[in-house]
Structures are given as structure tokens and as C-alpha cells.
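Q: Please read through the structure below; I'll follow up with questions.
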């Protein structure tokens, strides 16, 4: 196919999508993603070996100038580059989900790793994340903070549990940069931003209470934070420490977990 023919095909695809966006509101996401994928494919085919050449973007500039004048001013060089990148990441294995809008994918395109991209696509679907919420998760390196064992389970589609999503480190909101030297200070910071803390842990968490009272024999003990996860139907006992975790701490947590069941 000649380059002029590629341009006409790209122009036709984008115009049809513009019409769909105006007439069929309910299918905007689907139409956008399908159209942009197809345009990205056409751009790759039109450029051929030029994509690796020093002046490989010259064709994009040519197409962009014409599209801006003839279709819509949004179709600048940057936009066309994103369409090309979108096609390439899908070819490498990124999932196309109509539950995500194009703006979600604009946030994902710069990421290098397909497994990272697919992780964020899944949590966008499962947690119904806005573009802003997705951007915050990417900025916090959420995927990178997951254990390697969890990443492997996600890649291999193995069963997962609530412990798999404990991040390292867990980020605690501390806007005033308070020096945290005591457990009570750490607990106060968490409770002041409990919603952010639950989101940091993952999906499906709810807060039951702090200093939650339980009986151990004839005496009473207190759980720093007691949570519940609706997805896994289980309680989560949180023991707060600002010092090195010791064996007796782990044993205490395990006892409390058994009593909560």
C-alpha cells in the first residue's frame, strides 16, 4: 500500500471514530481503543523500516499536519506517537479492556514492562480506578513494591491471597514529616488517614478498630489495628512496630489471629 493510501485509511478511521464519539456515547471507550489500535498498526506499516531510521518520524509529522487541518487539531505528532506505542504494547501482550478509557492507557504507555502494565490494567478494572487514582498508584511504584513471589503468581495466573499483596515498603501518609519513634505516633498517623492506609494495602479492606480488646486466658490484650478483607473473607491483625521485628512479636500476632478467627 502506498503512503498516501495509508494516510487516507488513517484519516477514514479517525473520522469514523469522531462520528461514533458524537452519536454513540455508550461505546466511546471501545471505539477509541479499537480505532487508535488500528491507526497505530497503520502507522507502523506505513513507516516500515523507517521506524528504526534516523528520520523515521518524518512521516508522522507529514500525517499530523494534514490530520490537524482536515480532521481534528488533537492529532498532533505526540498523539500519533502514542497511537503507535499503544499498538506496540498490545502486540507485546498488554490487555485491551473497554473498562479503561484512552486516558488510562496514556498513563500506561510510558511503562516498559508488559507485566507492570497488565497489573495496573487489572486493578483499574477490579477497583474501578479513575485516571488520577491510576496515576497515583504508578507514581508510588505500587507494582514494584510487591513481592517477587506475588508478581510470579500474577504472571502465571496462580491463586493469590491477602498476604501476597503486602507491599515493601508500605507507604504511610506523613504530610508534616513527623519523626516516628513510637508505635503510638505511627498508629495516630495511620488513623488520621485510615482511608489512604486501606487503599495502600489493596482492595476490599475495611477498618474494624484500633486497640481492639481480646481476652487471652484470664487476661486481656489489645490489637493495634484490626481489619477485615471482604474479598478473602478474613480478619487481618496489624501489629505496629518502629523497631526491628522479633520472633516473639510474630508469635504474639499468630496467637491473636487464632483468637480472632
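The values are calculated or read from the model by the stated rules, or taken from the named source; none is laboratory data. Source: prediction; values computed, not measured. Ideal geometry is used to build each Cβ from the backbone, glycine not excepted, and the neighbour counts take in all protein chains shown.
Q: I'd like to check something: does segment 76-85 contain any residue that is closer than 20 Å to residue 109 by Cα, surrounded by 15 or more Cβ atoms within 10 Å (Cβ to Cβ), at pLDDT below 90 and in contact with a helix residue (DSSP H, G or I) (Cβ under 8 Å, 6 or more places away or on another chain)?
A: No - not one qualifying residue is present in segment 76-85.
Q: Could you tell me whether any residue of segment 246-256 is more than 24 Å from residue 142 (Cβ to Cβ) and modelled with pLDDT of 90 or more?
A: No, the conditions are met nowhere in segment 246-256.
Residue-wise test of (1) in contact with a helix residue (DSSP H, G or I) (Cβ under 7 Å, 6 or more places away or on another chain); (2) in a helix (DSSP H, G or I); (3) at pLDDT 90 or above; (4) within 21 Å of residue 110 (Cα to Cα).
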{"position": "15", "(1), (2), (3), (4)": "no, yes, yes, no"}
{"position": "19", "(1), (2), (3), (4)": "no, yes, no, no"}
{"position": "33", "(1), (2), (3), (4)": "yes, yes, yes, yes"}
{"position": "42", "(1), (2), (3), (4)": "yes, yes, yes, yes"}
{"position": "48", "(1), (2), (3), (4)": "no, yes, no, no"}
{"position": "65", "(1), (2), (3), (4)": "no, yes, yes, no"}
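Q: Only one of these conditions is not met by residue 162: (1) touching a strand residue (DSSP E or B) at 6+ places or on another chain (Cβ under 8 Å); (2) at pLDDT below 90; (3) more than 24 Å from residue 231 (Cα to Cα). Which number is it?
A: Here residue 162 clears every test but (3).
Q: Would it be correct to say that residue 105 is in contact (Cβ under 8 Å) with a residue 60 or more places away in the chain, within 15 Å of residue 40 (Cβ to Cβ) and out of contact with any strand residue (DSSP E or B) (no Cβ under 6 Å at 6 or more places or on another chain)?
A: yes
Q: Any residue at all in segment 115-126 that's over 13 Å from the mean Cα position of the chain (by Cα) and at pLDDT below 95?
A: The answer is no, given that none of the residues of segment 115-126 is over 13 Å from the mean Cα position of the chain (by Cα) and at pLDDT below 95.
Q: Something else now. Does residue 98 fit the bill of being crowded, with 20+ Cβ neighbours inside 10 Å and on the phi < 0 side of the Ramachandran plot?
A: Considered against the rule, which asks whether it is crowded, with 20+ Cβ neighbours inside 10 Å and on the phi < 0 side of the Ramachandran plot, residue 98 comes out as no.
Q: Can you name the condition, by its number, that residue 9 falls short on among (1) more than 16 Å from residue 85 (Cα to Cα); (2) modelled with pLDDT under 90; (3) surrounded by 12 or more Cβ atoms within 10 Å (Cβ to Cβ)?
A: (2)
Q: Taking segment 222-236 as the region of interest, how many residues are outside any strand (DSSP E or B) and touching a helix residue (DSSP H, G or I) at 6+ places or on another chain (Cβ under 9 Å)?
A: Total satisfying the criteria: 2.
Q: What number of residues in segment 154-211 are within 25 Å of the chain's Cα centre (by Cα) and not in a helix (DSSP H, G or I)?
A: Count: 23.
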